[in-house]
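Written below as structure tokens is the structure these notes are about.
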Amino acid sequence: PVRLSNVLITLTDAQRLYFQERLRNALGGDAREVVESTEVEYDVPKWLRPFLKGEDTDLVELSQNLATKLRAVQSGASNDGLLLVAACQWGGKHTVLLAKVELERGIRAEPEEKNGKVTFNVSLLDDLVFGETSRVFKIGLFSSADLDADDRLRGWAVDRQQQGPDIAGFFLNEYLGCDYALQADVITKQYFD
């Protein structure tokens, strides 16, 4: 079963800066511009739009819906992980960031004293996120400033599990409910023109 948060997470300034750095690096220059699909009404844009417009401010409920939907659309071949949903500012505008991140395992060793001698108590941690070598698998970033004239979402997405600039179909289409704003062949033609 999907484990869901029922309360917002409060971050210290140091934690917030660490998250920002990791997510900026993961989004990087490989992000592709995406736009909400006009073919079918998908759940994720339907949930994000009112949040971005300030009509719905329940980030906990939004994140629960988004996590449950992601689990429903991803195949068994996809790695489990954690879905981070963050309300943030981008260019001074209300923004939502979705990031699927890898869960890592590791050992923590803490010194302790036993019978007057120093030893180490070791613990297996199997739920580490955002370690120095942890991967951020997929990101979607949507801002209130990028709602188009028809109130459709526009934003950016990146998939670090794919080769090159492609984004897994289940994430781009079935989950985000988006298509590429520009197809690769159009981008290539524009570049050469």
Would the stretch 29-42 turn up any residue that is open to solvent by less than 70 Å² (accessible area, probe 1.4 Å), over 21 Å from PHE170 (Cα atoms), touching a residue at least 60 places away in the same chain (Cβ under 8 Å) and among the small types (Gly, Ala, Ser)? no
Could you grab me the full set of residues in the stretch 140-169 that are under 18 Å from ALA26 (Cα atoms), among the hydrophobic types (A, V, I, L, M, F, W, C) and either part of a loop (DSSP other than H, G, I, E, B) or in contact with an Asp or Glu (Cβ under 8 Å, 6 or more places away or on another chain) (or both)? TRP156, VAL158, ILE167, ALA168
What's the number of the only condition in (1) touching a Leu at 6+ places or on another chain (Cβ under 9 Å); (2) within 26 Å of VAL35 (Cβ to Cβ); (3) open to solvent by less than 30 Å² (accessible area, probe 1.4 Å) that SER134 fails to meet? (2)
Which listed residue is under 11 Å from the mean Cα position of the chain (by Cα) and either modelled with pLDDT under 85 or within 24 Å of ASP43 (Cβ to Cβ) (or both), from LEU97, LEU128: LEU97
Taking GLY92 as the residue in question, decide whether it is farther than 21 Å from PRO50 by Cβ and out of contact with any Leu (no Cβ under 7 Å at 6 or more places or on another chain). no
Residues of the stretch 10-23 satisfying the condition of being surrounded by 10 or more Cβ atoms within 10 Å (Cβ to Cβ) and not aromatic (Phe, Trp, Tyr): LEU11, GLN15, ARG16, LEU17, GLN20, GLU21, ARG22, LEU23
Provide a single number: the residues in the stretch 43-56 that are open to solvent by less than 80 Å² (accessible area, probe 1.4 Å) and among the acidic types (Asp, Glu). 2
Which of the numbered conditions does GLY91 fail, given that it passes all the others? Conditions: (1) in contact (Cβ under 8 Å) with a residue 40 or more places away in the chain; (2) within 14 Å of the chain's Cα centre (by Cα); (3) open to solvent by 70 Å² or more (accessible area, probe 1.4 Å). (2)
Take THR119 and decide whether it is in a strand (DSSP E or B) and within 24 Å of LEU182 (Cα to Cα). no
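The values are calculated or read from the model by the stated rules, or taken from the named source; none is laboratory data. Keep in mind that what you see is a predicted model, and the values were worked out from it rather than measured. A quick note on method: Cβ atoms are made from the backbone with ideal geometry, for glycine too, and the neighbour counts reach across all protein chains shown. Surface areas here come from the heavy atoms of the whole protein model, side chains and all, with no ligands, DNA or RNA. Shrake-Rupley method; radii C 1.70, N 1.55, O 1.52, S 1.80 Å.
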